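Working notes, structure below.
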Amino acid sequence: MAKGARAAITGLGSALPDKVMTNFDFEKIVDTSDEWIVQRTGIRQRRVAGDGESTATLGAQAARAALEDAGIAPTDLDLILCCTITPEMIFPATACFIQQALGATDVPAFDISAACSGWLYGLTIASQFIENGMYRRILVVGAEALTRFADFTDRTSCILFGDGAGAAVLEASDDDRRGILYNVLHADGAGWDFIHVPAGGAKTPASHQTVDDHQHYIHMRGRDVYKFAVEKMQWLLADCMEKCGLTVDDVDLVVPHQVNIRIISSATEKLKFPIDKVYVNIDRFGNTSAASIPIALTEARQAGRIGKGSLVVLVAFGAGLTWAGTVVRL
């Protein structure tokens with residue numbers, strides 16, 4: 001394959017657990033209410049992984065759907081990337097479990113940990129492999145089982161998260177009218193404690209004390225996260241538009257990370273995007289981190305909101321701190 005080929009999305013797929021947890025379910029667990037949750041987040045329900053479901057099983061299910069959509073077999077792949085912060089195990093990589101489930105023997109596979117920005121980090125890495133001529137077909141999966149790491153005694157954070165997976169097949173294309181047009185990645189490790197799981201790693205290994213202190217669950221500085229997310233979403237949208245010479249009229253759809261309806265509304269309104277050009281499904285799925293954008297992108301296409309030739313802007317921001325943007329023509 002000649003260098004310079006553009007990476008195009010040729011297949012999309014998603015997977016969601018059947019189990020639904022509503023805000024009314026939370027009223028039985030913590031001191032909260034449906035009204036309180038909806039007003040502050042826009043979330044009404046989320047999917048929860050059940051027995052036999054995990055990050056890898058959801059990821060493999062989404063991957064199969066994306067491969068079928070692209071019309072290729074698992075063995076046709078050159079690389080598998082799994083973007084997740086809720087891995088099957090600390091090691092080996094969740095991507096290897098997905099590879100095994102797909103039967104994609106000998107295909108290289110590795111994980112990317114960039115939290116809610118993870119899938120866009122994955123798209124960027126995949127597009128570079130394709131553009132430099134090393135690989136031709138790459139599977140990029142975003143999969144999370146966040147409810148397994150939610151502290152159901154903390155009403156401010158446990159209400160936010162849901163489980164699910166989304167995937168895309170990227171292939172080399174000589175058609176300069178489609179494909180990934182622009183990527184931008186950033187990180188700021190100084191904000192690592194905005195969103196994190198304190199224990200279970202090399203810094204603070206698991207112990208009876210860490211378990212008793214709920215140190216293996218997600219901890220958040222909510223107000224700081226909110227300010228960061230609004231600022232970065234506005235910046236990412238403006239940067240993508242400027243670097244690609246786009247106007248609002250040029251863009252068919254903005255697909256943001258589904259973090260909070262107030263954050264999404266604030267950022268898009270500032271840049272004068274009408275709400276019908278912004279895809280939102282946080283009300284039904286909550287925050288699914290790295291799975292958020294591929295789930296939304298798949299659903300938007302299935303709903304007829306976008307199709308071949310559509311210009312889409314993708315933006316994400318999350319723990320790390322990380323933030324990323326991608327402009328793609330389908």
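The values are calculated or read from the model by the stated rules, or taken from the named source; none is laboratory data. In this text, all values refer to a predicted model and were calculated from it rather than measured experimentally. We place every Cβ from the backbone using ideal geometry, glycine too, and count neighbours over all the protein chains shown.
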- Task: Evaluate the stretch 275-292: report whether one residue or more is touching a helix residue (DSSP H, G or I) at 6+ places or on another chain (Cβ under 9 Å), modelled with pLDDT under 95 and not assigned by TED's automatic domain parsing to the domain that holds residue 121.
- Result: yes
- Restricting the search to the stretch 171-196, which residues are farther than 20 Å from residue 257 by Cα and touching a Phe, Trp or Tyr at 6+ places or on another chain (Cβ under 9 Å)? 172
- Item | Selection from the stretch 158-206 of residues that are modelled with pLDDT of 95 or more and basic (Lys, Arg) | 203
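Please give the strands (runs of 3 or more DSSP E) falling wholly within the stretch 34-144 in which 2 or more residues are basic (Lys, Arg), touching a Phe, Trp or Tyr at 6+ places or on another chain (Cβ under 9 Å) and within 16 Å of residue 295 (Cβ to Cβ). Steps first, answer last, please.
Values: elements: 45-47, 79-83, 109-112.
Passing ranges, in order: 45-47.
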- Report yes if some residue within the stretch 63-82 is of a type in the set (A, V, I, L, M, F, W, C) and more than 21 Å from residue 9 (Cα to Cα); otherwise report no. no
- Message: Looking only at the stretch 70-93, how many residues end up being of a type in the set (Ser, Thr, Tyr), surrounded by 17 or more Cβ atoms within 10 Å (Cβ to Cβ) and under 30 Å from residue 307 (Cα atoms)?
- Response: 1
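Results for (1) over 20 Å from the mean Cα position of the chain (by Cα); (2) farther than 30 Å from residue 12 by Cα; (3) buried (at least 18 other Cβ atoms within 10 Å of the Cβ); (4) in the same structural domain as residue 15 (by TED's automatic domain parsing), shown as yes or no for each residue.
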position	(1), (2), (3), (4)
158	no, no, yes, yes
166	no, no, yes, yes
194	no, yes, yes, no
221	yes, yes, no, no
244	yes, no, no, no
257	no, no, yes, no
262	no, no, no, no
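Of the residues that make up the stretch 21-30, is at least one touching a Cys at 6+ places or on another chain (Cβ under 9 Å) and in a loop (DSSP other than H, G, I, E, B)?
Scanning the stretch 21-30, I find at least one residue that is touching a Cys at 6+ places or on another chain (Cβ under 9 Å) and in a loop (DSSP other than H, G, I, E, B), so the answer is yes.
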- Which numbered condition residue 155 misses (of (1) within 30 Å of residue 214 (Cα to Cα); (2) assigned to a loop (DSSP other than H, G, I, E, B); (3) charged (D, E, K, R); (4) at pLDDT 95 or above): (4)
- Hey, can you tell me all the residues within the stretch 116-133 that are buried (at least 24 other Cβ atoms within 10 Å of the Cβ) and more than 12 Å from residue 79 (Cβ to Cβ)? 116, 117, 118, 119, 120, 121, 123
